[in-house]
1. Just to verify a number: what accessible area does K104 come out at with the full protein assembly present, 1.4 Å probe, Å² rounded to tens?
2. Could you report the accessible area of H94 in Å², rounded to 10, computed with a 1.4 Å probe on the protein chains as they sit in the structure?
3. With θ set to phi - 60° and the Karplus curve 6.51 cos²θ - 1.76 cosθ + 1.60, what are the ³J(HN,Hα) couplings of region 47-57 in order, to the nearest whole Hz, using x for Gly and Pro?
4. At what distance in nm do the modelled label points of Q412 and W132 sit from each other, each positioned 7 Å from its Cα along Cα→Cβ?
5. For region 161-205, report the translational diffusion coefficient in µm²/s to the nearest whole number, using Stokes-Einstein at 20 °C, 1.002 mPa s, and a Kirkwood Rh over Cα pairs.
6. When the accessible area of the chain is split by element with a 1.4 Å probe, what percent falls to carbon and sulfur?
7. Roughly how many nanometres apart are two label points built 7 Å out from the Cα toward the Cβ at R260 and E242?
8. What number, in percent, do you get for the relative contact order of region 373-437 if the mean sequence gap of Cα pairs under 8 Å and at least 6 apart is divided by its residue count?
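The values are calculated or read from the model by the stated rules, or taken from the named source; none is laboratory data. Keep in mind that this is a model prediction, so the values were computed, not measured. Don't worry about glycine lacking a Cβ; one is built from the backbone with ideal geometry, like all the others, and counts go over all protein chains shown. Each accessible area value is taken on the protein alone, full model and side chains, heavy atoms only, with ligands, DNA and RNA left out. Shrake-Rupley method; radii C 1.70, N 1.55, O 1.52, S 1.80 Å.
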Amino acid sequence: MAKFFKPTKKSVSQRFRTLSISGLDHHGRGVAKDKGKVIFVAGALDSEQVKAEILSDKKNYAEARCVKVLSPSAERVEPKCQHYQHCGGCNLQHLEASAQLAEKQKALAALFHKFTGLSSLPWQSPIDSSPWHYRRSARVSVYCDNKQETIKVGFRQQGSKQITNIVACPVLDAGFMGVFDFFRDVIGAHRALRCITHLQLVSAKEHNFIVVRHTKAIAQALREDINAQAQQHNWQLVWQSEAQQSLPSTYYELESSQLRLGFGLQNFIQVNAEVNDKMLTQAMSWLNLAAHERVLDLFCGVGNFSLLAAMQAQHVTGVEGVESAVSHARDNAQHNGIDNCDFHCSDLTQPLAQAQWFSSELDVLILDPSRTGAEAVLAQLPCNQFKRILYVSCDPVTLARDSKIILASGHQLTKLGIMNMFPHTGHIETMALFERG
C-alpha cells in the first residue's frame, strides 16, 4: 500500500519563541540566536528580550516578527504613524531618531569588516535632515475591487502585494497632505476612474506633480474636472496611459550653489532634498578638486554631481545609461552656463572596451550607482589611474563588496560617512572616499 507524507504542523512552542536580541542587521531587523541558528526579527531592537513568531525557517537562518516586547530597549519610542504596523514604507519608527544613525553605522562597519577585513574605519560626522515630511517623491498604489466595491489608495505592506489604505503619511512632503483621501473620493464618485493603477508624486520647485497612471481612456471632460479639483490643493495632475510614456519636465534647485537642475518626471532624483544638498556640499569638500583635474562621473543622472564638480575642475565627463537623463544633463549644463563638461549615454553593466568617453588623462572618479553597485564597471576600469575615487552608495552590501576591488587597486579608504536619506527606514546611504596610496 502506498504511503503518503502528511506534513505536521509546527507546535506553538516552535512557532513562538522568546529571544534575546544582540544587535540589528543592515535592514534594521533584530538579530538573535536560538540553538545555533541566526534569527532575524522585524520590529525588535538591540538588547531587547522579545516574544517572536517564526515566519520562515530556512536551513541556516530564520525570519520572524516581534509580537511582544518583554524587556524594551531604552531607545524604543512610540511610532508616529498610525499605519506603522501595516504599511511597508517605514520599519524603524520604533527606534529613536539619533539611535537609527548609530545602528546604521554599526551595520555598515560589520559589512566592511566582512568584505574587506577593515576593522578601523575613518568615520566622518553623519549627514542628517528633518525626520518627518522629507520625501519629495513617492509611488502610491491604487486598487479597486469592483465586487466588494472597495477602493484602496496607499502603500504596499512589507513583503506583500496587499495595499494598506493610507490616511496620512508623516514622511511624505507636506504638500501632498490629503492626497490619499482625495483620490479615494474622486475614484469612488466616478467609476470611469477605476482604471487608475497608481500615482507618482513628485514635489519640484514650481509644482507638486501627481502622475496619474491609468489603463483605459478617460474622457477629457472628466480629467479637466479632476484637474480643477486638484488645483485647489496646488497639485498639477499629469494623466499617463499605457500608450503615452513621455512625461513633462520640471526642475529643482540646489540651495548651496544656486544651480538649477531640470529632470523629467520619469527620471530618478534623490528623494530627500535637504540630504541631497548637504551630500553634494560634502562631496566637493572631500574631493577638493584642483583646477587642472579631469573628472569621470559614472551613473551621473541629470548631472547632480557633475555640474558642481565642473565648477571646480578642468573638465567633467558624465556617463549615464538612461538617455532622457543624459539629455537633461546636457541641458542643465547649458542652462547654468557650464561648458567644461560632456555627457554620454552608455550601459555601464556592459563591456567598456569601445567606450569613447574613457581617457587615460582622467584624474578623479565619482560613482553613484543603483543598489546593484558598480562591480561590473570597476572590474574593467584601471582604478589605479585615479588619484581619488568618491563612491556614493544606496546599498551597504554592494558598497562593501565593491570597496574590496578599489582597495586592491592600491587605494586607501580615507573618509566614510552615513547619510540619512531615508529616516525611519533600514535603508543605508553612504559616502566613501578612497585615495591612491
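1. Using a 1.4 Å probe on the heavy atoms, I get roughly 10 Å².
2. In the full protein context, H94 sits at about 10 Å².
3. These are the phi-based 3J(HN,Hα) values: 6, 8, 10, 9, 9, 10, 9, 6, 9, 8, 10 Hz.
4. Taking the simple label geometry, Q412 and W132 are separated by 4.5 nm.
5. Values: Rh = 12.0 Å.
For these conditions, the coefficient is 178 µm²/s.
6. Details: 10170 of 21090 Å².
In the chain, the share of accessible area belonging to carbon and sulfur is 48 percent.
7. For the pair R260/E242, the computed spacing is 3.9 nm.
8. Values: 103 pairs, mean separation 26.5, N = 65.
The normalised contact order for region 373-437 reaches 41 percent.
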